[in-house]
Structures are given as structure tokens and as C-alpha cells.
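Asker: Structure below; questions to follow.
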Amino acid sequence: MDSALWTGFTSVALDPFVLLLIFCGVAVGIVFGSVPGLTATMAVVMFLPMTYTMTSIQGISTLVALYIGGISGGLISAILLNIPGTPSSVATCFDGSPMAKKGQASKALGIGIFFSFLGTLLGVGVLVVVSPMLAQFAIKFGAYEYCALALFSLSMVIALSGRDLTKGLISAILGAVWATVGLAPIDSRARYTFGYVELTAGFKLLVFLIGLFAISEVIRYAEKVRSDEHYEIQENVHIGGLGFTFKEFCSQIGNTIRSALIGIGIGILPGIGGGVSCMLSYTAAKNSSKDPEKFGTGIIDGIVASETANNASIGGAMIPLLSLGIPGDAVTAMLLGGLMVHNVAPGPLIFDKSAPVVYGIFIAMLIASFAMLVIEFLGLRLFTKVLKVPKNYLLPIIVMLCCVGAIGDSNRVFDAWGILFFGLVGFGLIKAAIPLTPMILGFILGPMFELNLRKVSQLFRMNPLSFMERPIAIVFFLVTAVVVFLNIRANIRANAQRTGV
Amino acid sequence: MSQSKDRITGIVIATFSVLYLYFSKDIRVFRGSGATPLTSAFMPRFWGTCLLLLSAILIIRGGRKLVRPDGGDPGTRRSFSPGEFFRNNYEVILTFVFIGMYVAMLAPLGFTLSSALYIFAQILVLTPPGKRNPKLALVVGVVAAFTTDFLFVRLLGVLLPHGIFGF
């Protein structure tokens, strides 16, 4: 372990090229995060093909830097434009924008940046401690446990679906349906290939995600071309020091810890990302405040809660990704694709088979969080100018890079058709108000569930009582049952209240 | 509107799931030694059935809400005109068409040329009518395509289609 840690450390922290990649990745990520309509996911999509010829540590360090920069960058437009740059910064608008209107934009930005940094550090800290333990624990997992885990993760779709459970489930099942194309697990029978050799390998995760998020975003923009949105940008921002006093910092310690824990916890849960964590921590901060009525009027507590939580969720989302191979949100789903491209197989054995890469990721995340702090403080004036970037020029270039990403991964133009197809599917689902995130979960967990369910069917045939010897699986099934029951009950109650029944 | 949207969505998904279930008959199930009790056709049929049931819920829900409690007219239907539809949505339609043409042209024209043409055309579509600048769009298209080609193909060694012109 020590030699792997040292190798991971030296290959990131002592390699000037990797450091340069991390700094560039964070800067680009901040740009993508700050421009409304561009997200951290798109930053990873766009720059993934550039990492194809890099070593695994160089490539993955770049991707995590983009991720950290992308999540943090959302605060800039949230405060200066009152438009969240990413869904993770929705709650930052609530108090950030009123502060900016009161002439305290610099203070709001300083607080946002610093507590984003703290949140990231706390998240990475938990990731470093928990992920090896979880991986060690997950080594005990067999078919029963993976089957139960996949079912548990799929059950989170119910929590994700919000008000409309039916549409959430449709989305998740559609994801699982797309994943059935190609060769079946275990017996490699061709399914839904219709005689096309290209379909035998199935749809690649990257093709699926690029189409779903990047292409559908371009089409959504095309819908709004004639709306001619105009933003008022406050450009004269200058942060003196950190932008806040030591006393103000001390007053936020409890809020920071609570928000970080919420962010990490939400990040760990499959499919629920920073968007939910910032709202939950904002609500928690408001509920536990002595002056809840001041929330939304421009107080620092709201910004601290939102920015700490959304950045802490980065570390949280990386925990199931690395230890179990289950992504925590859309960006980590892209990272899963990135890890696969670089021949790193996430899962319980990752610390045995790719330990230097994993420790390299930890070090890269730490360096990226410091880079984010420095770049955002020093480059704030530049980022406010970037908010004016004309997306009508940028989005076609993103489509081109998406095609590079799809084709470059497997050297076949067929995958470019794949991203167009999933772009169409994504756009159709958005128009039908069907959420996209459950579909990612379905696409990733569907095959995992099928493989292990079929293994379980064989084990069950040999020994019908074998299930009783798997306590971890039993616990997972029980937790799944409780989660499903509670969420369905909450859903029914919410619907009844809405319809006044 | 949202109710009729639910109904249409339900019908589309129901049609898809029926086709999905129908084509599951083409899965050649392995029955030799070591075959699992649940075959390779089990999960597609399971997912297909679930999808069909959920789409039925969506259709029923949409239909039920469309019937107004007072038994009145659910709303006047507007006649559908393809010309008006195109005029109102031409940016979206052309974006799909251009991406499709771009992908189709990648192999015959090559990555660089087709990318330059695509970016040029797409920028024009994504720019509001009064603000279009074809010269700038062309420059951006050519510069972006050649820079990407240089960066990925020449510098990073990523394999991209060359086309008949060899670039």
C-alpha cells in the first residue's frame, strides 16, 4: 500500500505536466460551471477525448479537476446573475443574489469560493477514509449481495423521481432497456442487434451519456434561439482578502460541518447529486437557524450551506464510484466511462489492481481543490467576462468534440450515430417531463442486476436456502423494502395533498 | 396540456414496449449444460412488461385528467399545419438534420471538412435571425475544425475519419 501511495503521490504531485493538467482542468471546469447552460458533465464530455492518449493518472486527474472546477464555478453566475451555473448552485442564488444586489457581491463570492473549497476538502477527506473500508467490505459481496445492491440503488429512483414516480420508473427502466442491446451476460446471446455487427457490443456508456446530456442540451438551446435572453452582469468585483472576517468564519463552523455531512451523504446515494444536497443543506441551515426569516434576504449562512454541501458531494459521489462501480451522479457516470477508457475497473478490487491510480485520484482531488481556491480568487474578473461567451458559437464546437469523443473511443463512426440517437431520446424525454438521471442509473445498474439475478437463479436452484446464508444481502433487501415503502407512502400523501383529497 | 402530453408519452412508450417485447422472440435462448434458470430473454421481457404497465398508467392518468369534472368540452383542438410547425421549430428540426448530415458526411468527406461545414451551418441556425454573421461563422468553423484535427489527429494520435480528400 505504501509503495502504491508513493507512486500515486509522485505521479501526480511531482509531475509538472499532471499539475498543469489539473490547473487547466479546474480553470476550464470553472468556466463551464459558471456559464448557465454549460455543466460539469459537459466539461467532462468535451475534454474526455483529449485524455485518450494520456496515461490513466494524467487522464483521470484532468477529469476530476474538471469535475471540481465545474461544480464550484456555478456559484459565480448564481451570485452575479441570479442564475445557477449548474444545478448544484440553485440554493446559492437564494442569498447570493440578494447580497450582490445589496452591493456585497465580493463578499458573497469570497464566502462561496472559500466554503466550496472547505466542502471539497471535507468530501475528499471522507472519500480517502471511507472508500478503502467500503471496498474492503465489498470484497465479501457475491451474486446475492450485488443483486440486492443493484436493487437498492434502483430503489433510489423512487426518491429521485420527486412528485412523479411513474415517470421516474419509466426513465430507469428505459435505461435498463437500452442496456439489454448487445450480448447477454453469462451466455452471450445476441439481443436486439437486428443483424448489425456494430450493435453486438451494445451501446457504450459514453455514447449514451454524451447523447443524453450534451446533444439534448444543444437541441434545447436551439429551442430558445428566438427568446433572446439578456443577462445583467455585475463586472466590477474585487475581493479584498477572503471577503469575510474571522468572526464570520467562526460563526459558520457548525453550518459548515452539517452541510458537508449532508453533501457527502447525498453524494454517496446513487443518482442524487449536488442539486439535491445544496437544497437539503440550505433547508437544514434555515430550520436550525435562530433567524430563519433572514434566509433569502442575503445572509452568508445560505451561501455557506449551499456551497459547502454541493462541493462535499463530490467526495461523497466518488465513494460508491470507486468502491462499488456505482456512480453517485451524472458527472461520476461520465467519470466511470473515463475510468473504463483508461482500463481502470472500479469496484472492490480497485485498491488491489489499480491502487496507484486511486491514490493518484485522491492526490489530484486535493490539488484540484487548492487550485480551485487560487484560480477562482485570482481569476474572478476573467470569469465574469466569460459569462458573456456566445453559446451559439460554443455549442456546435461541443457537438464536434462529442463526436470526437464517441468516435475516438472505439474508432467507428457508428457511435456518432449513437450519440445522435440518444440526443433524440434525451430531448424527447425532456419534452415529456421525464427525468434523465434515473435513466443513467438504469443503464448502469440494469446489466449488474441481470447478471447477478441470473447467477442467483442458479444458486437458488442448487440450494434454495442459500439466500438465508447471506446476511448482507438480507439487510440490503430489507433496507430496499423500507425505502420503497416510505417513498411510495410519501408520494401518495403528497399527491393527495396536491389534489386536495 | 400536461395531461395530453402524458397521454401521448404513454402511447409512444407503450408502442415502444410492445415492439420491444415482440422482438424479444428473436433472442435465441441457451438451453445447454450450465444454462441458468432465468434465460437471456427473461430480463428484456421483465423490463418490457414493466414499461408497458407504466405506460398504461400514464395513458389512463392522462385520459382521466382530460375529462373535465363538469363534463364540459376538454378544449378546442387546433388544426395541425406542417408549415407552421416548421416555422415555429425550424431551429430544432435543422439542428437534428445538421447533426445527422454531419455524422453521415464524416466518412465520405472526412472529419475536418465535415466539421467545418457543420459548425458553420449550426452557428447560423443557433443565432437569432437579425444577428447572423456568416463570415464569422465560417471563420469559427474552419479554425475550430482544423485546430481540433491538429490537436487530436496530429498531436494526440486519435483516429478520426479521413474521407476522400485525406484529411
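Asker: Restricting the first residue to the range A:235-260 and requiring it to be modelled with pLDDT of 80 or more, which pairs with a second residue that is of a type in the set (A, V, I, L, M, F, W, C) and open to solvent by 70 Å² or more (accessible area, probe 1.4 Å) meet a Cβ separation below 7 Å and a spacing of at least six or different chains?
Answerer: Taking only residues 6 or more apart or on different chains, the pairs are A:260/A:122.
Asker: Condition first: β-branched (Val, Ile, Thr) and assigned to a helix (DSSP H, G or I). Now tell me which residues in the range A:376-399 satisfy that.
Answerer: Listed by number, the residues that qualify are A:384, A:386, A:397, A:398, A:399.
Asker: So residue A:37 clears everything in (1) open to solvent by 10 Å² or more (accessible area, probe 1.4 Å); (2) at pLDDT below 85; (3) assigned to a helix (DSSP H, G or I) except one condition, right? Which one?
Answerer: The single condition residue A:37 does not satisfy is (3).
Asker: Looking at the range A:405-426 only, could you name the residues that are open to solvent by 10 Å² or more (accessible area, probe 1.4 Å), within 8 Å of another protein chain (Cβ to nearest Cβ) and in a helix (DSSP H, G or I)?
Answerer: Of everything in the range A:405-426, those that are open to solvent by 10 Å² or more (accessible area, probe 1.4 Å), within 8 Å of another protein chain (Cβ to nearest Cβ) and in a helix (DSSP H, G or I) turn out to be A:408, A:417, A:420, A:424.
Asker: Based on what the data block shows, is residue A:126 in contact with a helix residue (DSSP H, G or I) (Cβ under 7 Å, 6 or more places away or on another chain) and modelled with pLDDT of 90 or more?
Answerer: So residue A:126 passes the test.
Asker: Additional query: Go through the range A:181-196 and give me each residue that's open to solvent by less than 20 Å² (accessible area, probe 1.4 Å) and closer than 11 Å to residue B:30 by Cβ.
Answerer: Once the filter is applied, which keeps residues that are open to solvent by less than 20 Å² (accessible area, probe 1.4 Å) and closer than 11 Å to residue B:30 by Cβ, the range A:181-196 yields only A:184.
Asker: Moving to a separate point now. All but one of (1) crowded, with 24+ Cβ neighbours inside 10 Å; (2) at pLDDT below 85 hold for residue A:76; which doesn't?
Answerer: Going through the list (1) crowded, with 24+ Cβ neighbours inside 10 Å; (2) at pLDDT below 85, residue A:76 breaks only (2).
Asker: I'd like the full set of residues that are out of contact with any Ser or Thr (no Cβ under 6 Å at 6 or more places or on another chain) and open to solvent by less than 10 Å² (accessible area, probe 1.4 Å), limited to the range A:115-137.
Answerer: Scanning the range A:115-137 gives A:123, A:124, A:127.
Asker: OK, next. Just need a number here: residues in the range A:427-466 that are among the hydrophobic types (A, V, I, L, M, F, W, C), part of a helix (DSSP H, G or I) and more than 28 Å from residue A:210 (Cβ to Cβ).
Answerer: 5
Asker: Can you tell me how many residues within the range A:377-404 are open to solvent by less than 10 Å² (accessible area, probe 1.4 Å) and under 29 Å from residue A:53 (Cα atoms)?
Answerer: Matching residues across the range A:377-404 total 8.
Asker: Please work out which residue is farthest from the chain's Cα centre (by Cα), limiting yourself to the range A:399-430 and to residues that are β-branched (Val, Ile, Thr) and more than 20 Å from residue A:38 (Cβ to Cβ).
Answerer: Within the range A:399-430, the match that is farthest from the chain's Cα centre (by Cα) is A:413.
Asker: Let me ask another. Among the residues of the range A:274-321, write down those that are of a type in the set (Ser, Thr, Tyr) and open to solvent by 40 Å² or more (accessible area, probe 1.4 Å).
Answerer: A:283, A:288, A:297
Asker: Another question, then. Only one residue in A:5, A:63, A:19, A:14 is surrounded by fewer than 20 Cβ atoms within 10 Å (Cβ to Cβ), of a type in the set (A, V, I, L, M), closer than 11 Å to residue A:364 by Cβ and out of contact with any Cys (no Cβ under 8 Å at 6 or more places or on another chain). Which one?
Answerer: Unique residue meeting the criteria: A:19.
Asker: Follow-up question, since we're still on this one. Given the residues A:118, A:151, A:199, which is the only one that is within 14 Å of another protein chain (Cβ to nearest Cβ), outside any strand (DSSP E or B) and under 24 Å from the mean Cα position of the chain (by Cα)?
Answerer: After ruling out the rest, the residue left standing is A:151.
Asker: Could you grab me the full set of residues in the range A:79-96 that are assigned to a helix (DSSP H, G or I) and touching a residue at least 24 places away in the same chain (Cβ under 8 Å)?
Answerer: Those that are assigned to a helix (DSSP H, G or I) and touching a residue at least 24 places away in the same chain (Cβ under 8 Å): A:79, A:80, A:87, A:88, A:89, A:90, A:91, A:92, A:94, A:95, A:96.
A quick yes/no check of all residues on (1) modelled with pLDDT of 90 or more; (2) open to solvent by 20 Å² or more (accessible area, probe 1.4 Å); (3) within 9 Å of another protein chain (Cβ to nearest Cβ); (4) under 20 Å from the mean Cα position of the chain (by Cα):
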{"residue": "A:168", "(1), (2), (3), (4)": "no, no, no, yes"}
{"residue": "A:178", "(1), (2), (3), (4)": "yes, yes, no, no"}
{"residue": "A:212", "(1), (2), (3), (4)": "no, no, no, yes"}
{"residue": "A:219", "(1), (2), (3), (4)": "no, no, yes, no"}
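Asker: So is residue B:37 at the interface with chain A (Cβ under 8 Å from one of its Cβ atoms), loosely packed, with under 14 Cβ neighbours inside 10 Å, free of Cβ contacts under 8 Å to residues at least 40 places away in the same chain and not hydrophobic (A, V, I, L, M, F, W, C) or not?
Answerer: In short, yes.
Asker: For the range B:128-167, how many residues meet the condition of being surrounded by fewer than 20 Cβ atoms within 10 Å (Cβ to Cβ), at the interface with chain A (Cβ under 7 Å from one of its Cβ atoms) and under 24 Å from residue A:392 (Cα atoms)?
Answerer: 1
Asker: Taking the criterion of being more than 25 Å from the chain's Cα centre (by Cα) and within 14 Å of chain B (Cβ to nearest Cβ), would at least one residue in the range A:431-450 satisfy it?
Answerer: No.
Asker: Given the condition at positive phi and more than 9 Å from chain B (Cβ to nearest Cβ), answer yes or no: does some residue in the range A:183-195 qualify?
Answerer: Within the range A:183-195, one or more residues are at positive phi and more than 9 Å from chain B (Cβ to nearest Cβ).
Asker: Just one of (1) modelled with pLDDT of 90 or more; (2) under 20 Å from the mean Cα position of the chain (by Cα) trips up residue A:374, so point out which.
Answerer: (2)
Asker: Within the bounds of the range B:44-61, is there any residue that is touching a strand residue (DSSP E or B) at 6+ places or on another chain (Cβ under 9 Å), modelled with pLDDT of 90 or more and under 25 Å from residue B:13 (Cα atoms)?
Answerer: Within the range B:44-61, one or more residues are touching a strand residue (DSSP E or B) at 6+ places or on another chain (Cβ under 9 Å), modelled with pLDDT of 90 or more and under 25 Å from residue B:13 (Cα atoms).
The values are calculated or read from the model by the stated rules, or taken from the named source; none is laboratory data. These numbers come from a predicted model, not from an experiment. Cβ coordinates were reconstructed from backbone atoms using ideal geometry, including for glycine residues, and neighbour counts include every protein chain displayed. Keep in mind that these areas ignore ligands, DNA and RNA; they rest on the heavy atoms of the full protein, side chains included. Shrake-Rupley method; radii C 1.70, N 1.55, O 1.52, S 1.80 Å.
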